[in-house]
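Structure record follows, encoded as structure tokens.
Bear in mind these aren't lab numbers, they're just calculated from the coordinates by the rules spelled out. A quick note: this is a predicted structure, and the numbers were derived from the prediction, not measured. Cβ: placed from backbone, ideal geometry, glycine included. Neighbour counts: every protein chain shown.
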Amino acid sequence: MAKSARPAIVVETPPGGFDRPGARSLLVQGELPKCVHRVVRAPFGHTPKTLMALESWVEALDATRQAGGAMHAALMEDVAASGSLAIPEPTHDQRLFLGAFALTVLTDRLIVDLATLAPSPKIDSDLEAEGLEDLLIAPVDELLPRVIVMARAYLDLRAKQQPEASDPKVELRAKWAVTTMLAFAMQLRGAVQRLTKLGRLRPFGLALKQRQVMIGGRRYEGFEARAGADPVTDLKPIRVEHIVGNRDYIDAGLRLARDVAAYDLERGESPKKLNPVLFGLGRPGCGKTITAHAIGNYFLEYCHERDIPARFKVIRRTDWASSYQNASAATLVKIFKEEVYGFEGVTGVYWPDIDTAFASRGSGDLRMEEKNNLGAVFGIFDGTLIPKDGKWFMICDANYMQMDEATKSRIAQNPFVVTGPTTPEEYVKMLRDIMLRDVRKFVTPDDPQWLEVGAACVEFDLSGRNCEAIANNIRSHVQDFEYPDSYFKASFEEREQIIEAASKRVSAGDVLERVRNYSKFNREADEKAERDRFEREVESMVRQLNAGRAAAEKAAAAMNAAAQAQPDAPAPPPGQGTPESPPT
């Protein structure tokens with residue numbers, strides 16, 4: 001089902017822009033270039049860096065004027081579609097929405113472009129919201145000149161307050177000026193977000209999600225933008241029907257996804273009381289990850305078909321782990337407050353290998369950073385950080401239960417043991433029908449010996465990852481052919497026939513042999529690793545014993561030397577002479 005029957009809003013900047021001279025005139029009238037020159041004080045006018053920054057303003061203003069006009073026209077079409085014969089006129093809140101969207105486009109473009117020219121500043125707060133609605137309610141052609149004046153005043157004020165603006169090096173002053181303009185754009189964006197995420201404009205963001213909006217190569221979903229070339233989700237293209245085994249785990253995840261999709265966004269409540277956390281425990285390669293990705297794709301498709309704004313977030317350690325004190329826990333809190341619960345829709349989360357993120361408090365040497373991380377995750381699972389109100393759900397998993405009891409009791413509230421395939425039939429389906437589905441006709445799929453293949457997989461207790469490695473080797477063998485010269489002059493249908501004739505066939509008996517050889521290789525590799533580990537431990541013990549012997553000999557020599565230095569000293573009592581050396 002499409003998002004909406006309404007036409008898409010697409011604004012793509014042509015070469016040379018829409019009206020760059022007009023945008024440049026706005027910038028000059030607002031005296032921002034004069035202010036930048038006054039601060040930087042370059043000997044020959046502007047520096048290359050400040051010129052590029054001002055050009056970024058010109059391009060952003062040009063795109064924003066066009067985007068604002070397109071959104072205004074779309075809004076008027078929607079108002080006129082109501083059937084009234086009255087001349088359509090936007091309401092007060094609709095005018096606020098148009099201004100907020102225009103400022104979002106402007107600041108998004110400035111933040112991206114200016115960040116390539118100078119370091120991004122650390123922002124602790126947004127611009128004051130006082131007077132913001134008066135700014136947003138103005139038409140775009142009046143709003144943009146006022147924003148330019150605000151940016152000039154912001155730069156002037158910061159130049160009086162910060163010593164970096166008077167640095168003797170012109171390069172550093174130019175960098176400071178660009179960073180300050182970037183700070184202005186970021187703080188203005190934050191002030192607008194307060195209205196669009198939590199304030200009176202939030203319903204407009206939800207409505208905007210139902211429409212396709214592309215501005216300058218950036219796809220807008222509500223008031224949030226991402227690069228148009230970026231994938232909609234970072235989930236792997238796995239579907240539920242591709243999963244073999246783990247049926248109870250899958251069913252619980254799908255049921256939870258549907259329950260979260262039923263959350264009432266307008267009233268802010270769910271028709272059910274949910275436990276939002278699904279925990280899976282299983283060995284590596286049992287299918288925990290692909291099961292979670294399949295549930296995530298199901299959740300997004302289910303919501304898309306029903307016009308429900310939805311997001312699925314995969315939590316990776318690189319997204320939040322930091323070497324700075326307290327930074328990891330703060331980033332975790334930000335992810336869940338802003339990206340998960342702050343999203344204008346329903347959200348699913350997958351947190352793989354969650355056990356590796358939190359140290360056990362029973363270890364006795366827990367660092368402050370680890371304590372803060374535990375505090376953050378406890379807040380997530382206890383409902384003290386974000387409400388457990390049915391607006392979000394999370395799938396998390398672990399290979400081993402190496403967490404302390406307090407952590408396990410919170411995370412494993414709805415636990416499942418994930419085993420993967422367990423029967424010969426399940427292994428056959430996974431290996432032949434799913435992993436080798438693209439070359440299925442070349443692996444004699446109707447051969448009854450395939451059941452022996454499945455039985456061998458059960459016997460050797462292969463994981464899904466092991467089976468994938470075997471499938472990749474089989475596929476490489478099937479496709480191990482050279483293209484004949486006739487291939488390059490053939491039609492598409494003729495090329496398919498050439499490829500089918502050139503591809504090699506693999507019998508079920510050959511697959512069985514490959515399974516056995518792979519298992520034998522793994523078993524021998526494991527045995528060798530165990531022998532090597534044992535020998536290393538023996539060598540370590542021998543070194544420790546030899547070190548003890550050497551220490552005892554040195555102590556005896558020191559005692560003898562001391563005795564010889566004091567000939568009148570009494571002899572040591574019986575049993576306290578030279579210590580006996582330990583055996584090697």
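Observations
- Gain upon complete extension [residue 212, residue 124; 0.36 nm per residue less C-alpha separation]: 28.4 nm
- As a proxy for reagent exposure, 489, 209, 504, 388 were ordered by neighbouring Cβ count within 10 angstrom, fewest first; the result is 489, 504, 388, 209.
- Positive dipole terminus of segment 216-307, leading residue within 235, 249, 299 (C-beta point charges): 249
- Using θ = phi - 60° in the Karplus curve 6.51 cos²θ - 1.76 cosθ + 1.60, the 3J(HN,Hα) couplings for segment 420-435 round to x, x, 10, 10, x, 5, 5, 5, 4, 4, 5, 6, 7, 8, 10, 5 Hz; x is entered for Gly and Pro.
- In the list (i) 43, 26, 24; (ii) 36, 32, 21; (iii) 56, 42, 27, the label attached to semi-axes √(5λ) of the Cα gyration tensor in Å as derived from the coordinates here is (iii).
- Chymotrypsin sites (Phe, Trp or Tyr not before Pro), loop per DSSP, at most 12 other Cβ atoms within 10 Å - longest free stretch of the chain: 45-323
- Listing 62, 389 from fewest to most neighbouring C-beta atoms within 10 Å gives 389, 62.
- Seen from residue 242, the other residues with C-beta closer than 11 Å to its C-beta sum to a net charge of +2, counting Lys and Arg as +1 and Asp and Glu as -1.
- Every helix of 4 or more DSSP H residues in the chain counts as -39500 (n - 2.57), and over all residues that averages to -17000 deg cm²/dmol at 222 nm.
- Order of 474, 123 - criterion: other Cβ atoms within 10 Å of each residue's Cβ, fewest first: 123, 474
- Amide H to amide H, with H built 1.01 Å from N, residue 312 comes under 5 Å of 348, counting only residues 5 or more places away or on other chains.
- Two-site FRET efficiency, residue 157 against residue 241, from Cβ-Cβ distance with R₀ of 60 Å, rounded to 0.05: 0.50
- Förster-model FRET efficiency, 45 Å R0, residue 172 and residue 504, C-beta, rounded to 0.05: 0.10
- Once backbone amide H atoms are built at 1.01 Å from N, residue 397 has 280, 351, 353, 354 as its partners under 5 Å, excluding neighbours fewer than 5 places away on the same chain.
- Total charge dipole magnitude, the chain, about the Cα centre, Cβ charges on Lys, Arg, Asp, Glu only, Debye to nearest 20: 1180
- Out of every Cα-Cα pair that segment 423-564 contains, those further apart than 28 angstrom amount to 49 percent.
- Residues residue 251 and residue 446, FRET efficiency given R0 of 41 Å [Cβ-Cβ distance, rounded to 0.05]: 0.85
- Unsatisfied cross-links (Cα-Cα over 19 Å) in the set 209/388; 441/520; 273/388; 122/334; 288/313: 209/388; 441/520
- Evaluating 6.51 cos²θ - 1.76 cosθ + 1.60 at θ = phi - 60° for every residue in segment 21-26, the Karplus couplings come out as x, x, 5, 5, 5, 4 Hz, glycine and proline recorded as x.
- For the pair residue 146 and residue 552, the difference between a 0.36 nm per residue extended length and the Cα-Cα distance amounts to 137.7 nm.
- Positive-end extreme of charge dipole, segment 450-525 - chosen from 460, 477, 506 (charges on Cβ): 460
- Rounded to the nearest 5, the antiparallel percentage of DSSP beta bridges internal to the chain is 30%.
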